[in-house]
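Following: one structure in structure tokens, then a few remarks.
The values are calculated or read from the model by the stated rules, or taken from the named source; none is laboratory data. Note that this is a predicted model, so its numbers are computed, not measured. Positions of Cβ are generated from backbone atoms using ideal geometry, with glycine treated the same way; all protein chains shown enter the neighbour counts.
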Amino acid sequence: MADDTLNTDLLFRMIAHWVATKPNTYYGSTYGAPTEDLLQKPLSSPIADAYLAKMRQDIAVIGELPPGTINMYATHDGLDRKTIFIEINGSSVSLADLGDVNRGSY
């Protein structure tokens, strides 16, 4: 999963930690993923830009990557369900599967 120019495994582990952390749980910091904001929104709402902007703000390394390196996209699963994926340099993981990504050693 590691890439020569970009350690995607490490980035996915950083994102997994960010997604597992609710905003404002670290005292004095707004660090954390606003995942609850994704709920109860119309399936056609463009919320990925705000989600990625918060991720870039909270994880400084991701904020320094060139535009287009990290993307979000969704697939429809049935009538009222979407699966959201985070893609880094061609490798993608769904938000639901990020819980399986462990932090490991850096």
Handout entry: Filter result (at pLDDT below 80 and either exposed (fewer than 10 other Cβ atoms within 10 Å of the Cβ) or within 15 Å of SER44 (Cβ to Cβ) (or both)) within the range 83-106
Key = ASP100, ASN102, GLY104, SER105, TYR106
Practice task
Would you check if ALA74 is free of Cβ contacts under 8 Å to residues at least 40 places away in the same chain and aliphatic (A, V, I, L, M)?
Solution key: yes
Handout entry: Subset of the range 59-69 (residues that are outside any loop (DSSP other than H, G, I, E, B) and either farther than 23 Å from ASP9 by Cβ or in contact with a helix residue (DSSP H, G or I) (Cβ under 6 Å, 6 or more places away or on another chain) (or both))
Key = ILE62, GLY63
Practice task
Return a yes/no flag: does the range 17-26 have any residue that is surrounded by 10 or more Cβ atoms within 10 Å (Cβ to Cβ), on the phi < 0 side of the Ramachandran plot and modelled with pLDDT under 85.
Solution key: no
Handout entry: Unmet criterion (only one of (1) farther than 23 Å from GLU87 by Cβ; (2) at pLDDT below 85; (3) surrounded by 11 or more Cβ atoms within 10 Å (Cβ to Cβ)) for ALA48
Key = (1)
